[in-house]
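One structure is given below, encoded as structure tokens.
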Amino acid sequence: MIAKAHNNERQRLQAIKDYNISRDREQVFDELTELICRLTNVPRSLISIVEEHEVWFKSQRGLELNSSERELSFCSHAINSKEEIFLVEDARKIEQFKNHPYVNAKDPVIFYAGVKLKSEEGLPLGTLCILDNKPHKLNEEDRASLLMVADLARRQLDLHKKNTDLKTQAAILEENNEMLKSFAHTVSHDMKMPLANMVLTTDLVAKKYGEKIDETGKNYLAYIKDAAFGLSDYVTQILAHYESDSLLIEDKDEFDAYSLLEHVHEILAISDDIDYILPEDNLVMHINKSVLEQILINLIGNAIKYNDKETVEIKVDILEKDNFYIIKVADNGLGIPEDRQEEIFKMFQTLNVPDRNGKRGNGIGLNTVQKLVNKLNGMITIDSELGKGTEFIITLSK
């Protein structure tokens, strides 16, 4: 009469712990217990989880119980059964159960049919069962229904576990990302001052000891200064990349396109010899201005730096269609090989070509652009031809 522990009880209990099943009632499981009652015409059903000392019910139909003792539960027998369906048609006629307290109760358990709900490793977590206070027989249709609904319950438990695992992984990733952002922020700020001192020191050495330094020495000082500026720019871009996460995307501003593009012109200090072409129409926009400005600074800045033509041409178009803004930034620069056009949006990926000043990029700017576009629920595509130029097309929801 007393149910024994499962052969792999320790592993089975660990599996239940790993599934982290909530005791709260959930509609999807209540619908399954109702469904099996209707399909088999048996008035009571349970979805049980068999713990070490207790069997508790994730869902129940036709009962007022929340749990039962592990040693007395019919479900504890079911999880040990080698049969596909553990079936007790009339417990009063079975020696093992005829003196069972549930069988001799005022509202007895006479009929029981249970199917194991197994973990992904095949260990029984509990059962889907139907029961009644009078005898029953299962026909083939009833058996098929019981197996089908049990499979649905098992899949729902698996889905719950996967969702829980994903949430756990997401929380870990978020924590790691916050640590990385904090680290990048701290390192970036801590490096700024030493780099500035390097630049200042090279200038002081060149000015104070200029007459005593030969041409090779002056070149070394220039290399140090350029390297400091390059590293400072690298640090600035890393900091901007992580700080872009703090931009409040849902905040929207109303502004005209020309004022935005003129501000970008000032920030980048675009020289007069660059052909900077604005849109034909000065569109009034309603979108997060700071985010769009950051996107344009990166794209237009790259278009100027990576351009091998005598006259640099930058053309910006901003169009409005239905519920979208379409922003295009085109240049007459180097162009991007077709097989590298997706790769350049990855962090630290570059085309490994020098800019107009002989410096090489660090692969942070375009990754930041894509991240900001994604945060605005937009998309970015590339149309480029080697030697002729590149056009970035961004579509953003209003």
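The values are calculated or read from the model by the stated rules, or taken from the named source; none is laboratory data. All of these numbers come straight from a predicted model, not from anything done at the bench. Note: accessible area is taken over every heavy atom of the protein model, side chains too, but ligands, DNA and RNA are not part of it. Shrake-Rupley method; radii C 1.70, N 1.55, O 1.52, S 1.80 Å.
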Q: Take the Cα pairs of the chain, get the Kirkwood Rh, then feed it into Stokes-Einstein at 37 °C and 0.692 mPa s and tell me D in µm²/s.
A: 120
Q. Where does helix 257-268 land angle-wise versus the long Cα axis of the chain, in degrees 0 to 90, nearest 10?
A. 70
Q) What are the principal axis extents of the Cα atoms in segment 3-59, in Å, biggest first? A) 36, 24, 15
Q: Could you tell me the accessible area of Glu71 in Å² (1.4 Å probe, neighbours in place), rounded to the nearest ten?
A: 100
Q: Can you send over the carbon and sulfur percentage of the accessible area for segment 1-54, probe radius 1.4 Å, protein chains only?
A: 43
Q. Considering the chain as a Gaussian network with a 10 Å cut-off on Cα pairs, which listed residue, Glu34, Glu120, Glu215, attains the greatest mean-square fluctuation?
A. Glu215
Q. Roughly what % of DSSP beta bridges within the chain run antiparallel, to the nearest 5?
A. 95
Q. Over the chain, what is the relative contact order in whole percent, taking alpha-carbon pairs under 8 Å and six or more residues apart?
A. 10
Q. Roughly how many whole Å is it from the C-alpha centroid of segment 105-141 to that of segment 11-80?
A. 10
Q: Using just the helices of the chain, give the 222 nm mean residue ellipticity in deg cm²/dmol: DSSP H runs with n ≥ 4 each add -39,500 (n - 2.57), and the total is spread over all residues, rounded to 500.
A: -14500 deg cm²/dmol
Q. Given Lys106/Lys137; Lys167/Lys398; Lys309/Lys375; Lys321/Lys375, which pairs have Cα atoms separated by over 32 Å?
A. Lys309/Lys375
Q: Report the accessible area of Thr395, computed with a 1.4 Å probe over the heavy atoms of all protein chains in place, in Å² rounded to the nearest 10.
A: 40
